[in-house]
Amino acid sequence: MFEVRTSARENHLSLEELAALGITPDRLPEMLNGSGRGWVVNDDGSLVAFAMADASKATVFAMFVHPRHEGRELGRLLMNEAEEWLFLKVETRFGLLPIQVLK
């Protein structure tokens, strides 16, 4: 995950900068427990993209695709998964029901 994160062209941060923000490999499990969830895309056994969301804040707080894998719609795939999960978590928390538009 950190290889993908530190290779980002946009919002680039080094390992040192991430650590200064408290984002380290040791903290990943705690970030994904409780209201957190993560998704990864593997290509031939290598992690090439990931997203992380927090239902308590109803937000996707991380999404990164390795530059060599950009243009494959992996970010869109991850965002769709994260949004679907968040919607289910938020609708349950607030007792909302999804709206279905019939044509």
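Observations on the model:
- Charge-dipole axis of the chain as Lys and Arg at +1 and Asp and Glu at -1 on Cβ define it, positive-most pick from ALA53, LEU78, LEU88: LEU88
- Gained length - GLU3 relative to ARG68, 0.36 nm times residue gap less alpha-carbon distance: 22.2 nm
- The chain, accessible surface, carbon-and-sulfur percent (1.4 angstrom probe): 52 percent
- A simple rule links phi to the HN-Hα coupling: the Karplus curve 6.51 cos²θ - 1.76 cosθ + 1.60 with θ = phi - 60°, which for segment 30-37 gives 5, 5, 9, 7, x, 8, x, 8 Hz, with x for Gly and Pro.
- Relative contact order [Cα under 8 Å, 6+ residues apart], segment 1-81, whole percent: 27 percent
- Distance (nanometres) between label positions extended 7 Å along Cα→Cβ at HIS12 and LEU88: 3.7 nm
- Basic side chains Lys and Arg get +1 at the Cβ, acidic Asp and Glu get -1 at the Cβ, and with that the dipole of the chain about its Cα centre reaches some 340 debye.
- Over all directions, the projected convex hull of the C-alpha atoms in segment 1-98 averages 6.9 nm² in area.
The values are calculated or read from the model by the stated rules, or taken from the named source; none is laboratory data. Because the structure is a prediction, the values reported are computed rather than measured. All Cβ positions, even for glycine, are placed from backbone atoms using ideal geometry, and neighbour counts span all protein chains on display. Note: accessible area is taken over every heavy atom of the protein model, side chains too, but ligands, DNA and RNA are not part of it. Shrake-Rupley method; radii C 1.70, N 1.55, O 1.52, S 1.80 Å.
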